[in-house]
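Some notes on the structure that comes next.
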Amino acid sequence: MQLRAWLVPEHRTEAITDPGERRAVVIEIVIVLAVTLGLSGLRSLLSLLDSLLRPEPLSDQQVAINVPQAADQLLDLLRQLTSAAQLFAWGVLGLYLLWRAGIGLRRVGLDRDRLGRDALGGAGLAALIGIPGLGLYFIARAVGANLTVLPSTLDDTWWRPIVLTIAAAANAWAEEVLVVGYLITRLRQLGWRENRSLVAAAALRGSYHLYQGFGGFVGNFVMGLVFGRVWQRTNRLWPLVIAHTLLDVVAFVGYALLSGKVSWLS
């Protein structure tokens, strides 16, 4: 019974029955995804198709995540911060729309009552996902199903580790708030069963990583299943944000510091 309760959690949000309200929620979801991560998923798919049409195999191609955005260092810093601000704003948009619907921060697990436990849970979740995820990446590259991912190609400046850390937090905030807290909550209100909404959210997470290759999709889809289920069972979003931030900080900053010094990173 305990295993079944974990696999098939109970609904925590009452479904909307009014047809007009349901239609409004559907329209809202479409608009939010169209201007945020859904559009990123479409761009990522097109990027993968472009890579597949090239003569060289995927494993011989490279894709960078954090890249210079201006020749001048100060302008590059400002543009990097602007990109991070956009991601933070995406997450705030999702929270604002939930708040307008009567669903506050506590309902999605972003209150400050258990930050210590949330931090420990986030660290454990990062360890659970990080090591297998790295292994999956190398396997996908070895079988030619993934591009070589360069977490950062930023110049070696004093602000590089700071910007990469901010970018990691921004990515984590936008993805976990929108894909888990916002989307699954809205799908619950539409009457979707928990497993169905979980798979939909995980597929969205995988879609905007398709630019990395098929391994990027699979790895992030599995991560989405784990993160989404943890949230469905605990109703705590902070551990997901913390775990995702830690994973990206290690990937972004670690790569920037070790690139050229450790052979298997290239």
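Taking SER83 as the residue in question, decide whether it is touching a Lys or Arg at 6+ places or on another chain (Cβ under 6 Å), in contact (Cβ under 8 Å) with a residue 12 or more places away in the chain, hydroxyl-bearing (Ser, Thr, Tyr) and at negative phi.
The answer is no for SER83.
Test THR157 against the criterion of being out of contact with any helix residue (DSSP H, G or I) (no Cβ under 7 Å at 6 or more places or on another chain), over 30 Å from VAL25 (Cβ atoms) and surrounded by fewer than 23 Cβ atoms within 10 Å (Cβ to Cβ), and give yes or no.
no
For the list (1) surrounded by fewer than 17 Cβ atoms within 10 Å (Cβ to Cβ); (2) touching a residue at least 12 places away in the same chain (Cβ under 8 Å); (3) under 26 Å from TYR96 (Cβ atoms), I need the number of the one condition that ILE139 fails.
(3)
Where the second residue is assigned to a loop (DSSP other than H, G, I, E, B) and of a type outside the set (Ser, Thr, Tyr) and the first is touching a residue at least 12 places away in the same chain (Cβ under 8 Å) and within 22 Å of ARG141 (Cβ to Cβ) and lies in region 189-215, which pairs have Cβ atoms under 6 Å and are six or more apart or on separate chains?
Cβ pairs passing all conditions: GLN212/LEU147; GLY213/ALA145; GLY213/LEU147; PHE214/ALA145; GLY215/ALA145.
Only residues that are closer than 10 Å to LEU154 by Cβ and among the acidic types (Asp, Glu): list them for region 68-82, please.
Once the filter is applied, which keeps residues that are closer than 10 Å to LEU154 by Cβ and among the acidic types (Asp, Glu), region 68-82 yields only ASP76.
Yes/no matrix, rows are residues, columns are (1) touching a strand residue (DSSP E or B) at 6+ places or on another chain (Cβ under 7 Å); (2) touching a residue at least 60 places away in the same chain (Cβ under 8 Å):
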site	(1), (2)
LEU45	no, yes
ASP50	no, no
LEU53	no, no
GLU56	no, no
VAL63	yes, yes
LEU77	no, yes
GLY91	no, yes
LEU97	no, yes
VAL108	no, yes
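What's the number of the condition ARG188 fails, among (1) in contact with a Lys or Arg (Cβ under 8 Å, 6 or more places away or on another chain); (2) of a type outside the set (A, V, I, L, M, F, W, C); (3) surrounded by 21 or more Cβ atoms within 10 Å (Cβ to Cβ)?
(3)
So SER266 fits all but one of (1) surrounded by fewer than 22 Cβ atoms within 10 Å (Cβ to Cβ); (2) at pLDDT 95 or above; (3) not acidic (Asp, Glu); what number is the exception?
Exception for SER266: condition (2).
Specify which of the listed residues (ASP72, ASP76, ASP50) is farther than 15 Å from GLU175 by Cα, charged (D, E, K, R), surrounded by 13 or more Cβ atoms within 10 Å (Cβ to Cβ) and modelled with pLDDT of 95 or more.
Exactly one of ASP72, ASP76, ASP50 is farther than 15 Å from GLU175 by Cα, charged (D, E, K, R), surrounded by 13 or more Cβ atoms within 10 Å (Cβ to Cβ) and modelled with pLDDT of 95 or more, namely ASP76.
The values are calculated or read from the model by the stated rules, or taken from the named source; none is laboratory data. Being a predicted model, the structure only gives us computed values, none of them experimental. Note that each Cβ is placed from the backbone with ideal geometry, even for glycine, and that neighbours are counted across all protein chains shown.
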